[in-house]
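K.L.:
Could you have a look at this structure, given as structure tokens, before my questions?
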Amino acid sequence: MSSSAFITVNEQPITLEQATYYLQIAGKFQPFLLEILHQHAINQALQIHSHLQFSNDSVEQLLINFRVEQELTNPQDFENWLVSHGINYETFRQQYIRYLTSERLKHWLSQSRLQPYFEQRKPFLDQVILSWVVVKTKELADTLRQQIEAGTEFEDLTDVDVAIAELFHYGDLPVEIQDAIAEVQPGRLIGPLLLDHDWYVLRLEELQLAELDDALAEQLQDEIFAQWLTEQVSAMSVKLEVN
């Protein structure tokens with residue numbers, strides 16, 4: 001392979017310039033470049049914060065744990081697994097170490113940010129279940145509310161637009177509905193409310209408040225880490241050195 005070749009295909013060298021061109025015309029160069037910049041940001045952070053690195057003994061134990069969890073303790077099974085993934089043991093080892101240290105970096109970065117970020121995102125994590133009827137006049141809306149209060153179910157209303165037990169994120173609802181929800185308990189009626197020239201009578205069926213459990217914490221940590229990567233890339237001065 002010549003010194004200018006990036007890869008060789010059927011004995012023909014493909015230069016880095018050609019490879020870049022292929023990615024550009026396929027519309028895949030930006031994601032390719034972005035991944036490089038993300039990995040560079042992670043690498044720089046891990047060099048600065050060396051306490052996030054794993055000791056050799058820890059790495060070896062974690063690799064053993066992985067093989068046990070994946071039922072790959074049999075050497076031949078593990079070798080077959082490596083072949084099926086197109087990698088050798090050293091590549092697997094480096095990839096897994098990178099994954100572990102990246103995860104440790106993510107958790108470390110999000111420690112102080114998680115609770116404030118949860119509070120910021122909470123309106124869009126809380127969920128509400130609403131039923132409603134929508135009509136053109138307030139008079140009809142008042143009449144329908146009276147019927148519902150008297151025991152008529154939403155699904156029994158005829159000749160009007162009705163929705164039954166629809167799920168929404170609280171933060172996606174119009175402000176008028178958000179304010180009204182804050183004043184009622186589940187099972188109570190809201191309205192009539194005028195929204196976009198139509199009159200709504202709603203019932204709050206259920207209010208599901210988000211809690212910062214392990215699953216949600218993991219989701220938010222991923223979001224915080226993605227934001228951090230975006231911030232790091234935005235601060236980089238990047239110059240493409242190929243034509």
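K.L.:
Restricting to the range 184-226, name every residue that is in contact with a Phe, Trp or Tyr (Cβ under 9 Å, 6 or more places away or on another chain), under 18 Å from LEU144 (Cβ atoms) and surrounded by 16 or more Cβ atoms within 10 Å (Cβ to Cβ).
P.N.:
Those that are in contact with a Phe, Trp or Tyr (Cβ under 9 Å, 6 or more places away or on another chain), under 18 Å from LEU144 (Cβ atoms) and surrounded by 16 or more Cβ atoms within 10 Å (Cβ to Cβ): ILE190, GLY191, PRO192, LEU193, TYR200, VAL201, LEU202, ARG203.
K.L.:
Moving on to the next point. Scan (1) outside any helix (DSSP H, G or I); (2) surrounded by 14 or more Cβ atoms within 10 Å (Cβ to Cβ) for the single condition GLY86 breaks and write down its number.
P.N.:
So GLY86 meets the others, but not (2).
Coordinate-derived values only; no laboratory data. Computed from a predicted model, the values in this text were never measured in an experiment. Counting neighbours? That spans all protein chains shown, and the Cβs are built from the backbone with ideal geometry, glycine included.
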